[in-house]
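One structure is given here, and the rest of the page talks about it.
The values are calculated or read from the model by the stated rules, or taken from the named source; none is laboratory data. Remember, it's a predicted structure, so these values are computed and weren't measured experimentally. Glycine also receives a Cβ, built like all others from the backbone with ideal geometry; neighbour counts cover every protein chain displayed. Heavy atoms of the whole protein, side chains included, go into the accessibility calculation; ligands, DNA and RNA do not. Shrake-Rupley method; radii C 1.70, N 1.55, O 1.52, S 1.80 Å.
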Amino acid sequence: MKLLGTIICDDLKWDENTSFLIKKANSRLLLLRKAAQYTNLIEDLKSIYLSHVRIVLEQSCMIWHSSITQENIDDLEWVQKNAFRLILGNKYTDYEESLNYLNLDKLSIRREKLSLKFGLNCAKNPKIIMLFKPRNNV
């Protein structure tokens with residue numbers, strides 16, 4: 001079943017959703033590839049990546065982040081690696097250096113941060129605060 005752009009399978013595995021997100025993100029990499037033909041300004045290309053590609057890779061990640069397999073994680077990171085190759089061109093050496101150079105996090109770390117932020121915001125929401133009762137220290 002597809003619900004708000006997220007594919008939810010009855011076995012609660014996320015392979016199909018991950019494949020869908022990767023396919024969608026790869027199609028948006030075409031925009032980045034075209035832009036890279038006309039400019040080599042890293043900040044412009046990075047901005048296109050962040051606003052058109054990474055947003056797809058993080059779609060509804062609070063739902064599925066904690067349940068995906070290592071293979072899913074690697075597949076998602078692979079899209080980001082390809083984007084970095086396009087952004088940096090012949091300045092690209094390896095993924096870790098590119099993360100530092102572009103001042104970005106691995107997608108897995110970013111999903112952790114987004115999930116934590118979502119949880120903290122939920123805990124502050126007066127409409128659902130009763131779902132987030134503090135634990136008693138025993």
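Numbers below:
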{"quantity": "Rg and Dmax [Cα atoms of the chain; Å; Rg one decimal, Dmax integer]", "calculated": "17.5, 62"}
{"quantity": "For region 110-122, 3J(HN,Hα) per residue [Karplus equation, 6.51 cos²θ - 1.76 cosθ + 1.60, θ = phi - 60°, Hz, x = Gly/Pro]", "calculated": "5, 5, 4, 4, 5, 5, 5, 4, 4, x, 5, 5, 5"}
{"quantity": "Top positive-direction residue, dipole computed over region 1-114 with Cβ charges, set 65, 27, 103", "calculated": "27"}
{"quantity": "Estimated FRET transfer efficiency (residue 44, residue 73; beta-carbon r; R0 25 Å; 0.05)", "calculated": "0.30"}
{"quantity": "Isotropic mean projected area of the C-alpha convex hull, region 70-138 (nm²)", "calculated": "7.5 nm²"}
{"quantity": "The chain, accessible surface, carbon-and-sulfur percent (1.4 angstrom probe)", "calculated": "56 percent"}
{"quantity": "Eligible lysines near residue 133 by straight Cα distance, threshold 18 Å, same-chain separation 8 or greater", "calculated": "117, 124"}
{"quantity": "Convex hull volume per residue in cubic angstrom - Cα atoms of region 39-115", "calculated": "82 Å³"}
{"quantity": "Residue among 82, 125, 17 with the largest mean-square fluctuation in a Gaussian network model of the chain, springs linking Cα atoms under 10 Å", "calculated": "125"}
{"quantity": "Probe 1.4 Å, protein heavy atoms only - accessible area per residue of region 1-115 in square angstrom", "calculated": "59 Å²"}
{"quantity": "Whole-Hz couplings from phi, Karplus 6.51/-1.76/1.60, listed for region 97-103; x for Gly and Pro", "calculated": "5, 5, 4, 5, 4, 8, 6"}
